[in-house]
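Visitor: My questions will all concern the structure given below.
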Amino acid sequence: MALPIKYNVRNVFVRWRSTLATILGVGLVVAVYMLVQALAVGLEASSANSGTEGNLLVMRKGSPAESSSQVKLAQVKTIQYLEGVARDSQGKPLISPDVLVLINLPRRENRGEANILIRGVGPNGKELRPQVNLVEGRWFVPGRREVVISKRLSARFANTGVNEKFKTGGHELTVVGHFDAGNTAFDSEIWMDGDETRSIFDRENYSSLLIKTTDPVSATNLINRIEKDKTLSLKVVPETAFYKTQTKTAGPIRFLGDFLATAMSVGAIFAAMNTMYASVGARTREVGTLRVLGFRRRTILASFLLEGAFLALVGGVLGCILAMPMNGLATGTLSFDNFSEVVFEFRITPKLISKGLLFSVIVGLIGSFLPAIRAARLPVIASLKAL
């Protein structure tokens, strides 16, 4: 025979002071856990959203990222005429040879400096990345040392407003527009003309080559054709697949979230344990009465475990509520791929909320396990004699 649920709910509210302390403790632990994990989810989402189906990214073999790759001009000229490369209405190949350059800029409000990526794109660079849209100003004109910058990145760095200028490497560049990249990896970049980037930053080669293909079969054939050509020594990956692998930065953040949650959960477990031990001490006669009425030890054990889990679950809900205002808030961190600034959003997803609630229930079950065993083992006669 099981104890009714309302028995446990009533006991939680009767001892509201200790209950409130436990709920707050668990709630704060869950809130911290979710916020740190939301950072990792946001980073992963930023990379996963990047790339366009049908685009192929060409890099040097052995290069883990575009910033460490080199594609020669002769290689670009060879690849652009291969079968499977899509062409525009004038018959020109839809490709974008890109150059990535790491520069250092001061943050706003004198908060130090950080590295940023400048991406020099080819004439078709904007067309091949439809997720990037101009939201203010205009696009750059090649040859005028003009750039456009992500609106989110501009909010973090000085002298990057529209019509403002900044210096880097002895060159003065003018910001003529802001773009929004739809919460993708391009939100962490400055764009300018590719050949102009090579010229002013003294780069002989390109970093990568983006290709639009005609269809999936052509894409597969093109990958095989380029990678089997030993004279090219290049690797080709679908653009979407490449960006999904660029999530190294999220790993340490996720580990930090797990570590903090584990460390803080120890305190929450002891808080839950203290509450449940106090509950057992105050309900000794009550437990004895339940035993006399025919309730078994395992029933009383399950009842106290359920009470502890319910208590922690309420704390978990509170933690989720405390964390929710941060959802969608833009922030930034250091990329371990190229050591540049990466901007992204906190992402609190339904899956993350479920993990937070499950985490709180586990804390409650662990914290109430020993008190529940003590309650189940109380001698009947001694319990009834208790004051």
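This table checks each residue for (1) in a loop (DSSP other than H, G, I, E, B); (2) modelled with pLDDT of 85 or more; (3) touching a Ser or Thr at 6+ places or on another chain (Cβ under 8 Å); (4) over 30 Å from L305 (Cα atoms).
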| residue | (1), (2), (3), (4) |
| --- | --- |
| K6 | no, no, no, no |
| Q75 | no, yes, no, yes |
| T78 | no, yes, no, yes |
| L82 | yes, yes, no, yes |
| Q90 | yes, yes, no, yes |
| V101 | no, yes, yes, yes |
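Visitor: For region 88-120, how many residues meet the condition of being at positive phi and either surrounded by 21 or more Cβ atoms within 10 Å (Cβ to Cβ) or touching a residue at least 60 places away in the same chain (Cβ under 8 Å) (or both)?
Guide: Final tally of qualifying residues: 0.
Visitor: Taking the stated definitions as given, is F201 crowded, with 21+ Cβ neighbours inside 10 Å and closer than 29 Å to A74 by Cα? Steps first, please.
Guide: Details: crowded, with 21+ Cβ neighbours inside 10 Å: no; closer than 29 Å to A74 by Cα: yes.
Criteria not met by F201.
Visitor: Restricting the search to region 178-189, which residues are surrounded by fewer than 20 Cβ atoms within 10 Å (Cβ to Cβ) and either touching a strand residue (DSSP E or B) at 6+ places or on another chain (Cβ under 6 Å) or not assigned by TED's automatic domain parsing to the domain that holds K151 (or both)?
Guide: Selection gives D180 alone.
Visitor: Do we have V280 as modelled with pLDDT of 85 or more and either assigned by TED's automatic domain parsing to the domain that holds L39 or surrounded by 20 or more Cβ atoms within 10 Å (Cβ to Cβ) (or both) here?
Guide: For V280, the condition - modelled with pLDDT of 85 or more and either assigned by TED's automatic domain parsing to the domain that holds L39 or surrounded by 20 or more Cβ atoms within 10 Å (Cβ to Cβ) (or both) - is not met.
One line per residue, one yes/no per condition, for (1) surrounded by 17 or more Cβ atoms within 10 Å (Cβ to Cβ); (2) at pLDDT below 70; (3) at negative phi:
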| position | (1), (2), (3) |
| --- | --- |
| R298 | no, no, yes |
| L301 | yes, no, yes |
| A309 | yes, no, yes |
| G315 | yes, no, yes |
| L318 | yes, no, yes |
| D337 | yes, yes, yes |
| I348 | yes, no, yes |
| G356 | yes, no, yes |
| R377 | no, yes, yes |
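Visitor: Given the conditions (1) among the polar types (S, T, N, Q); (2) touching a strand residue (DSSP E or B) at 6+ places or on another chain (Cβ under 6 Å); (3) more than 30 Å from K355 (Cα to Cα), which single one is not true for N110?
Guide: (2)
The values are calculated or read from the model by the stated rules, or taken from the named source; none is laboratory data. Everything numeric in this text was worked out from a predicted model, so none of it was measured. Ideal geometry is used to build each Cβ from the backbone, glycine not excepted, and the neighbour counts take in all protein chains shown.
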